[in-house]
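Reviewing the structure listed below.
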Ligand code: HEM
């Protein structure tokens, strides 16, 4: 009997402990869930957990706990973000969490202007990988203080000034000739032209020669480094570009002559008080190559894809070029920079491609709020990353009539000119405000001249497979599959 009572006591004690443990487990579960619900299910998600009380007007997806919308993004983030903004009624401003990063994104010209053109978002968020690449010493990632202003001034005077751009015309023409020769060779040997490699090679040698004043043995290696674009490269970049700087310094000292017309020579000839340290120089030089190569090649591939797809528009540009320089495609005269101002239809084609396929659909580089600020009526705390979805703006039917149709004429019919240089936020593929792309005029001069020359010399036709306009967002928005076409000399 005593044994039975003891056993019963033990069992009830065990049950008590068990239910106590379940109770404890249940209350832990409840507090963890309420922690997650409170911190995660706020507009914009986890990263906004401490701020949503201040910004009740902000809308945005909760996303995943801790990860935010990161798992949903993939290679078409610009499209997914545009759809999200429309479905949540948050095109003016949408709050998001990308992991633990607090983010706002504008898909509307008015809020885009507030973000890009004011002084509140004049820094850029910088990742560890960019820091390893010494990128915080380059123009694009330097905080917007004295050093950054100094770099912008040097680059504006010695790399991007109208005089410099015009001095480089001979180089652009020569590279255009080399690319045309490669196009002809590819057609003769393979019966098909894959333009991407030709454009990338041309764009790389163009920028390398304008930066260093000569072609380099290691050009191919630098090209691969531009493609890889990750932190593994930092020692390689320092090695190759640093060596070029050292060699040039030595040759300047030996020959006592710094008469080169390239960017490196200009940096070395700066007055003592303006001089950059060797490692800062490497960062700036590498940035020019890194930023100046792919953007131009990618944009030209999109333009040529459109030209192959829309044969009538291609013929119209060719007629415009023939009429401007006299004679047909076989004419001995070649297009030069001075002709470009008389080619409005060609310029409209470039604008229309920048509208439909902006190389930086999210303007590539985000901005960072340097202090608390209001965008519209929404309070945005300091340290928030801001992005503009330019792709969403340029595809918005309330801004553009038939936004999905490729129609360059739209720019010639508009009563007022749509500037693409940053003053009109309906189409600002180079960004806007104080951090607007400093290479925009050089980039456009290159694209216009090369396009005119390629269209003047050849008729571009589709190859066996149709033109595939699928896109993929890497550092820039690229064609997913390289364009393949056939050419006929004109
Ligand atoms: C089709 C050609 C190009 C496109 C579409 C393009 C686009 C852009 C965009 C969207 C930005 C960010 C602007 C902003 O935050 O408001 C930018 C910044 C920049 N781009 Fe370009 N770019 C092009 C060509 C070039 C070229 C040729 C160079 C140099 C050789 C260059 C150098 C830079 C630099 C240094 C910045 C950083 C500016 C700063 O933060 O102060 N870009 N570009």
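Just so you know, all these numbers are worked out from the coordinates, no wet-lab data involved. If you're wondering where the values come from, they're calculated on a predicted model, not measured in any experiment. Counting neighbours? That spans all protein chains shown, and the Cβs are built from the backbone with ideal geometry, glycine included.
How long is the gain from residue 75 to residue 474 if the chain were fully straight, where each residue apart is worth 0.36 nm and the alpha carbon distance is subtracted? List each step's numbers first, then the result.
Numbers: separation 399, 0.36 × 399 = 143.64 nm, distance 0.70 nm.
Between residue 75 and residue 474, full extension yields an extra 142.9 nm.
Ordered by packing density, taken as the mean number of other Cβ atoms within 10 Å over each peptide's residues, highest first, how do 403-415, 347-359, 82-94 rank? Each step should come with its number before you reach the end.
Working: 403-415: 13.4, 347-359: 23.2, 82-94: 18.9.
Descending mean neighbour count gives 347-359, 82-94, 403-415.
Using C-alpha positions alone, give me the convex hull volume of region 81-172 per residue in cubic angstrom. Please report the intermediate quantities before stating the final value.
Working: hull volume 15.4 nm³, N = 92.
Convex hull volume per residue, Cα atoms: 167 Å³.
At 25 °C and a viscosity of 0.890 mPa s, what translational diffusion coefficient does Stokes-Einstein give for region 403-479, taking Rh as the Kirkwood radius over Cα pairs? Give it in µm²/s as a whole number.
It comes out at roughly 157 µm²/s.
Between region 417-432 and region 367-397, what is the C-alpha centre distance in whole Å?
Cα centres, region 417-432 to region 367-397: 17 Å.
Provide the three semi-axes, in whole Å and in decreasing order, of the ellipsoid equivalent to region 331-459 as defined by the square roots of 5 times the Cα gyration tensor eigenvalues.
Numbers: eigenvalues 217, 60, 27 Å².
Largest first, region 331-459 gives 33, 17, 12 Å.
Using Cα atoms only, what is the angle between the long axis of helix 169-190 and the major principal axis of the chain, expressed in degrees (0 to 90) to the nearest 10?
80
Sorted by packing (mean other beta-carbon atoms within 10 Å per residue), highest first, where do 280-290, 262-272 land?
Values: 280-290: 22.9, 262-272: 16.8.
Per-residue Cβ counts within 10 Å, averaged per peptide and sorted highest first, yield 280-290, 262-272.
Between residue 436 and residue 26, take the C-beta separation as r, use R0 = 45 Å, and let me know the FRET efficiency to the nearest 0.05.
On the way: r = 57 Å, r/R0 = 1.26.
Taking R0 as 45 Å, the efficiency between residue 436 and residue 26 is 0.20.
Output the relative contact order of region 47-185, whole-number percent, from Cα pairs under 8 angstrom with separation of 6+ residues. Please report the intermediate quantities before stating the final value.
Working: 126 pairs, mean separation 21.4, N = 139.
Once divided by the residue count of region 47-185, the mean separation gives 15 percent.
For the chain, what does the equivalent ellipsoid look like in terms of its semi-axes, each the square root of 5 times an eigenvalue of the Cα gyration tensor, given largest first in whole Å?
On the way: eigenvalues 502, 165, 106 Å².
They are 50, 29, 23 Å, listed from largest to smallest.
Based on alpha-carbon centroids, what's the gap between region 235-307 and region 168-220 in Å, whole number please?
Between the Cα centre of region 235-307 and that of region 168-220, the gap is 18 Å.
Relative contact order of the chain, please, whole-number percent, based on alpha carbon pairs below 8 angstrom and at least 6 residues apart.
Values: 741 pairs, mean separation 96.6, N = 490.
Relative contact order for the chain comes out at 20 percent.
Relative to the longest principal Cα axis of the chain, at what angle does helix 2-40 sit, 0 to 90 degrees, rounded to 10?
The angle comes out at about 30 degrees.
In whole Å, what are the Cα extents of region 259-391 along the three principal axes, biggest one first?
Principal axes ranked by extent give 57, 51, 21 Å for the Cα atoms.
Return the equivalent ellipsoid semi-axes of region 57-96 as a descending list in whole Å, where each equals the square root of 5 times an eigenvalue of the C-alpha gyration tensor. Mind showing how you got there, number by number?
Working: eigenvalues 53, 37, 8 Å².
Semi-axis lengths for region 57-96 are 16, 14, 6 Å.
Order the peptides 105-114, 159-168, 454-463 from the highest to the lowest mean number of other Cβ atoms within 10 Å of their residues. Write down the numbers at each step before the final one.
Details: 105-114: 22.8, 159-168: 15.8, 454-463: 19.8.
In decreasing order of mean packing, 105-114, 159-168, 454-463 become 105-114, 454-463, 159-168.
How far, in degrees from 0 to 90, does helix 195-212 lean away from the longest principal axis of the Cα atoms of the chain, to the nearest 10?
80
How high is the relative contact order of region 278-371, given as a whole-number percent (alpha carbon pairs under 8 Å, six or more residues apart)? Let's see the in-between values first.
Working: 33 pairs, mean separation 30.5, N = 94.
After rounding, I find 32 percent.
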